[in-house]
1. Within the stretch 33-56, is even one residue of a type outside the set (D, E, K, R), in contact with a helix residue (DSSP H, G or I) (Cβ under 6 Å, 6 or more places away or on another chain) and assigned to a helix (DSSP H, G or I)?
2. In the stretch 129-154, how many residues are at pLDDT 85 or above and among the hydrophobic types (A, V, I, L, M, F, W, C)?
3. If I go through the stretch 101-117 residue by residue, how many of them are open to solvent by 60 Å² or more (accessible area, probe 1.4 Å) and either in a loop (DSSP other than H, G, I, E, B) or not β-branched (Val, Ile, Thr) (or both)?
4. Within the stretch 86-93, can one find any residue that is open to solvent by 50 Å² or more (accessible area, probe 1.4 Å), of a type in the set (Gly, Ala, Ser), modelled with pLDDT under 80 and in a loop (DSSP other than H, G, I, E, B)?
5. Select from the stretch 155-186 the residues that are assigned to a loop (DSSP other than H, G, I, E, B) and surrounded by fewer than 16 Cβ atoms within 10 Å (Cβ to Cβ) and write down the one among them that is modelled with the lowest pLDDT.
6. In this structure, is LYS12 out of contact with any Phe, Trp or Tyr (no Cβ under 7 Å at 6 or more places or on another chain) and either small (Gly, Ala, Ser) or without any contact (Cβ under 8 Å) to a residue 24 or more places away in the chain (or both)?
7. If a residue must be open to solvent by 30 Å² or more (accessible area, probe 1.4 Å), at pLDDT 85 or above and of a type outside the set (A, V, I, L, M), how many such residues does the stretch 36-85 contain?
8. For the stretch 98-128, what are the residues that are closer than 23 Å to LYS80 by Cβ, at pLDDT 85 or above and touching a Gly at 6+ places or on another chain (Cβ under 6 Å)?
Amino acid sequence: MLNKPGTRLWRKRNVLLFAFCIGSLAVLAFVPAVRCLSLSVGSRPSDRVLFRFLKDTFYISYTHSVNKGRIYDYYRCVGKELVLERTCFVSYGAGMPELADTAGAEFISTDTCYSLTGLNRRFVALHLVIGETAAHGIGNAAGNLEFSHDGLFPPGEIRLDSLFSPQTGIVIAVKKVSVLDYLTAYCLQCVSKQSAL
């Protein structure tokens with residue numbers, strides 16, 4: 001009966017079990033395990049926003065500088081790459097891409113939008129300057145987009161100028177972060193939302 005509570009073997013086993021649990025939690029906290037879409041200005045955790053993937057697709061929307069129509073660029077995250085699959089726009093004209101300039105793409109016209117599909121443009125990261133007039137937004141692209149005529153931003157879309165100051169250059173990339181980094185970014189986002197109120 002060496003393994004009874006209070007014996008030396010029992011205490012040693014519990015100390016080893018406790019050390020194993022603490023070590024496992026430390027490894028889980030610091031090993032990059034959470035796949036996120038990272039929007040960052042710099043390398044400090046306070047300078048980035050992380051979105052956890054529910055689906056591997058998202059869109060970036062903005063108002064075109066020439067024809068003033070709303071544009072939606074749809075991306076799929078494949079490994080560490082961002083793949084531009086299609087772009088949709090509500091009006092077509094000056095400054096819009098031509099089918100001849102987009103090899104392999106198909107032009108589709110519907111009652112609600114014009115689309116260029118099959119773009120398959122691959123990026124390791126997207127560099128974007130938050131515009132005041134462009135009113136950049138980001139959203140989850142699961143399902144079909146329904147254009148909202150009563151406002152620029154459909155439900156679930158986040159205005160990027162609510163996360164970063166206008167004229168700020170950001171980098172959008174797929175990152176694997178540790179649980180600790182993810183929770184830190186989440187807490188910083190919550191704090192900044194509270195201070196904005």
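The values are calculated or read from the model by the stated rules, or taken from the named source; none is laboratory data. Here the structure is a predicted model, which is why all the values come from computation and not from measurement. Don't worry about glycine lacking a Cβ; one is built from the backbone with ideal geometry, like all the others, and counts go over all protein chains shown. What goes into the accessible areas is simple: the full protein's heavy atoms, side chains included, and nothing from ligands, DNA or RNA. Shrake-Rupley method; radii C 1.70, N 1.55, O 1.52, S 1.80 Å.
1. Within the stretch 33-56, one or more residues are of a type outside the set (D, E, K, R), in contact with a helix residue (DSSP H, G or I) (Cβ under 6 Å, 6 or more places away or on another chain) and assigned to a helix (DSSP H, G or I).
2. Of the residues in that region, 5 qualify.
3. As a first pass, look at the stretch 101-117 and keep what is open to solvent by 60 Å² or more (accessible area, probe 1.4 Å): 101, 103-104, 106-112, 114.
Restricting the remaining residues to those that are either in a loop (DSSP other than H, G, I, E, B) or not β-branched (Val, Ile, Thr) (or both) gives 101, 103-104, 106-107, 109-112, 114.
Within the stretch 101-117, residues that are open to solvent by 60 Å² or more (accessible area, probe 1.4 Å) and either in a loop (DSSP other than H, G, I, E, B) or not β-branched (Val, Ile, Thr) (or both) number 10.
4. The first filter runs over the stretch 86-93 and keeps only residues open to solvent by 50 Å² or more (accessible area, probe 1.4 Å), leaving 86, 90, 92.
Checking the rest, the ones that are also of a type in the set (Gly, Ala, Ser) come to none.
Checked against the condition, which is being open to solvent by 50 Å² or more (accessible area, probe 1.4 Å), of a type in the set (Gly, Ala, Ser), modelled with pLDDT under 80 and in a loop (DSSP other than H, G, I, E, B), the stretch 86-93 yields no hits at all.
5. Here is the first cut: in the stretch 155-186, the residues assigned to a loop (DSSP other than H, G, I, E, B) are 155-157, 163-168, 178.
Narrowing further to those that are surrounded by fewer than 16 Cβ atoms within 10 Å (Cβ to Cβ): 155-156, 165-168.
Values: PRO155: 59, GLY156: 72, SER165: 89, PRO166: 91, GLN167: 91, THR168: 90.
Ranking the candidates gives PRO155 first.
6. Details: out of contact with any Phe, Trp or Tyr (no Cβ under 7 Å at 6 or more places or on another chain): yes; either small (Gly, Ala, Ser) or without any contact (Cβ under 8 Å) to a residue 24 or more places away in the chain (or both): yes.
It is true that LYS12 is out of contact with any Phe, Trp or Tyr (no Cβ under 7 Å at 6 or more places or on another chain) and either small (Gly, Ala, Ser) or without any contact (Cβ under 8 Å) to a residue 24 or more places away in the chain (or both).
7. Here is the first cut: in the stretch 36-85, the ones open to solvent by 30 Å² or more (accessible area, probe 1.4 Å) are 41-48, 51-56, 62, 65-68, 76, 78-81, 85.
Checking which are at pLDDT 85 or above leaves us with 41, 62, 76, 78-81, 85.
With of a type outside the set (A, V, I, L, M) added as a condition, the list becomes 62, 76, 79-81, 85.
Looking only at that region, the number is 6.
8. Looking only at the stretch 98-128, we keep the residues that are closer than 23 Å to LYS80 by Cβ, and these are 104, 118-128.
When the remaining residues are screened for being at pLDDT 85 or above, the result is 118-128.
Of everything in the stretch 98-128, just one residue is closer than 23 Å to LYS80 by Cβ, at pLDDT 85 or above and touching a Gly at 6+ places or on another chain (Cβ under 6 Å), namely GLY118.
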